[in-house]
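Asker: I'd like to ask you about the structure that follows.
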Amino acid sequence: MSTERIVEIGEEGKKAFASADSEESLRELEVRFLGRKSELTGILKGLKDLSPDEKREVGPLVQGVRTVLAEASASAKERVQRESRDWEAERIDVTAPGMADPLGHLHPVTSIINEVEDIFTGLGFEVADGPDLESDFYNFEALNFPADHPARDMQDTFFIESDGLDQRYLLRTHTSPVQIRYMETHTPPFRIIVPGRTFRNESTDATHEHTFHQFESLVVGERGDVTVGHLKYVAESFFSEFFGRAVTVRLRPSYFPFVEPGFEFDISCVFCGGDGCPSCKGVGWIEIGGAGMVQQKVFEAAGYPRGKYQGFAWGFGLERLAMMKYRIPDTRSFMGGDLRFIRQF
Ligand code: FA5
């Protein structure tokens, strides 16, 4: 067995694999140089008939050439596959516009709450909150609605099964219970707003929903420091900034057990500026909520000494503000779950 021939097979094979240009020709070359019937395999099989000296010389040489050819075959395969790929079909246009993933966004009520909070924090107010599930004490009792008092009928209530509990629990009908909760842990002077979800067990229509939002305000200082004038001024500043135009405020005498005096709170119509239009039913004013000077009994319920402090409070309907700002005709749209409505914001 000539060692020259083995070296020659190696050289021939390397050249052949290097010039292979298709997978088919590669397969043929593999059979020819590395297959069971190839010359190299024949030499390997014949090793057993050689003398020990020849074996020592030929064996490693044949194995080495096989390894070199196997590597040449593998790299030729990789090259052929790369060369035969349809690069044009695989071209990626990096300048093509992307496909946008659908993105969620804030609910209009959440946006309005953020906007209200921004304006009031700018006026030096703090934002407070309280639980949606409230006790009879905070929602009514401490706000000077005595048990069985007819004023409780003003707010239709969702009561919670409270058997075995210390008192009756309910879904809060207004944000006013947070007045008490806040005062229990803070000492005047302070000014807060409380945006939050509220619930009423009443039949719904274009301006009434069972689940809606209010935002409360409570400003308390030493006796004589906080007046109805402040209430009017702060509210006017807020509404003018919120609606982006001068808004006037009107207070009409009204009754809420937790304020004295109490007011129904109107703003000048933001559509006609007060001249009268269909939105304000021709009167030039739109009712937005209740307000008043905090009842001394409420201060007492929160643990303050009677007569020491004075303050104002209001509770406005948030959806009503949003309806005016975005000209939404029906308050039920906010909770209706119709995405066509929500996506407009
Ligand atoms: C109250 O809830 C008092 N807590 C407000 C208050 C606070 C008075 C502090 C004095 C001092 P009233 O029930 O009027 O008041 O509700 C206030 C506002 O909430 C209404 O003017 C209206 O804008 C809104 N509102 C009330 N019920 C509904 C409802 N079912 N759907 C939508 N908005 C409502």
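The values are calculated or read from the model by the stated rules, or taken from the named source; none is laboratory data. Note that the structure is a prediction, hence the values are computed from the model and not measured. Quick reminder, even Gly has a Cβ in these numbers, built from the backbone with ideal geometry, and neighbours come from all protein chains shown. Just the protein is used for accessible areas: all its heavy atoms, side chains included, with ligands, DNA and RNA removed. Shrake-Rupley method; radii C 1.70, N 1.55, O 1.52, S 1.80 Å.
Asker: Would you say L218 is assigned to a strand (DSSP E or B), in contact with a Phe, Trp or Tyr (Cβ under 8 Å, 6 or more places away or on another chain) and free of Cβ contacts under 8 Å to residues at least 60 places away in the same chain? Talk me through it step by step, then tell me what you get.
Answerer: Details: assigned to a strand (DSSP E or B): yes; in contact with a Phe, Trp or Tyr (Cβ under 8 Å, 6 or more places away or on another chain): yes; free of Cβ contacts under 8 Å to residues at least 60 places away in the same chain: no.
When the stated conditions are applied, L218 does not pass them.
Asker: If you go through the stretch 168-226 one residue at a time, how many are in contact with a Pro (Cβ under 7 Å, 6 or more places away or on another chain) and modelled with pLDDT under 95?
Answerer: So the answer is 1.
Asker: Looking only at the stretch 324-344, filter to residues that are outside any loop (DSSP other than H, G, I, E, B) and free of Cβ contacts under 8 Å to residues at least 60 places away in the same chain; which one of those is most open to solvent (accessible area, probe 1.4 Å)? Break it down stepwise before answering.
Answerer: We begin by selecting, within the stretch 324-344, every residue outside any loop (DSSP other than H, G, I, E, B); these are 324-326, 331-333, 339-342.
Then drop every residue that is not free of Cβ contacts under 8 Å to residues at least 60 places away in the same chain, which leaves 333, 339-341.
Values: S333: 35, L339: 94, R340: 179, F341: 26 Å².
If we take residues in the stretch 324-344 being outside any loop (DSSP other than H, G, I, E, B) and free of Cβ contacts under 8 Å to residues at least 60 places away in the same chain, then R340 is most open to solvent (accessible area, probe 1.4 Å).
Asker: Please count how many residues of the stretch 191-212 are near the ligand (Cβ under 8 Å from one of its atoms), of a type outside the set (F, W, Y) and within 23 Å of the chain's Cα centre (by Cα). Please lay out each step first, then the result.
Answerer: In the first step, residues of the stretch 191-212 are kept if they are near the ligand (Cβ under 8 Å from one of its atoms); the result is 198, 200, 202, 204, 207-210, 212.
Within this subset, residues satisfying the condition of being of a type outside the set (F, W, Y) are 198, 200, 202, 204, 207-210.
Imposing the further condition that a residue be within 23 Å of the chain's Cα centre (by Cα) reduces the set to 198.
Summing the residues that are near the ligand (Cβ under 8 Å from one of its atoms), of a type outside the set (F, W, Y) and within 23 Å of the chain's Cα centre (by Cα) in the stretch 191-212 gives 1.
Asker: V283: in contact with a Gly (Cβ under 9 Å, 6 or more places away or on another chain) and either more than 10 Å from the ligand (Cβ to nearest atom) or basic (K, R) (or both), yes or no? Let's see the steps before the verdict.
Answerer: Numbers: in contact with a Gly (Cβ under 9 Å, 6 or more places away or on another chain): yes; either more than 10 Å from the ligand (Cβ to nearest atom) or basic (K, R) (or both): yes.
The answer is yes for V283.
Asker: Something else now. Among the residues of the stretch 173-183, is any farther than 21 Å from E300 by Cα, open to solvent by less than 10 Å² (accessible area, probe 1.4 Å) and in a loop (DSSP other than H, G, I, E, B)? Give the derivation first.
Answerer: Filtering the stretch 173-183 down to residues farther than 21 Å from E300 by Cα leaves 173.
Right, trim to open to solvent by less than 10 Å² (accessible area, probe 1.4 Å) and you get 173.
Going one step further and asking which of them are in a loop (DSSP other than H, G, I, E, B), we end up with 173.
Within the stretch 173-183, one or more residues are farther than 21 Å from E300 by Cα, open to solvent by less than 10 Å² (accessible area, probe 1.4 Å) and in a loop (DSSP other than H, G, I, E, B).
Asker: Tell me which residues, restricted to the stretch 221-234, are of a type in the set (G, A, S) and either within 12 Å of the ligand (Cβ to nearest atom) or in a loop (DSSP other than H, G, I, E, B) (or both).
Answerer: Of the stretch 221-234, the ones of a type in the set (G, A, S) are 221, 224, 229.
Selection gives G224 alone.
Asker: Is it the case that some residue within the stretch 115-122 is in a strand (DSSP E or B) and assigned by TED's automatic domain parsing to the domain that holds E184? Don't jump to the end; show me each part of the working.
Answerer: Going residue by residue through the stretch 115-122, those that are in a strand (DSSP E or B) are none.
Checked against the condition, which is being in a strand (DSSP E or B) and assigned by TED's automatic domain parsing to the domain that holds E184, the stretch 115-122 yields no hits at all.
Asker: Taking interchain pairs and intrachain pairs at least six residues apart, which have beta carbon atoms under 8 angstrom, with the first residue in the stretch 74-88 and among the hydroxyl-bearing types (S, T, Y) and the second assigned to a helix (DSSP H, G or I)?
Answerer: That search, which allows pairs on different chains as well, returns S75/F17; S84/E23.
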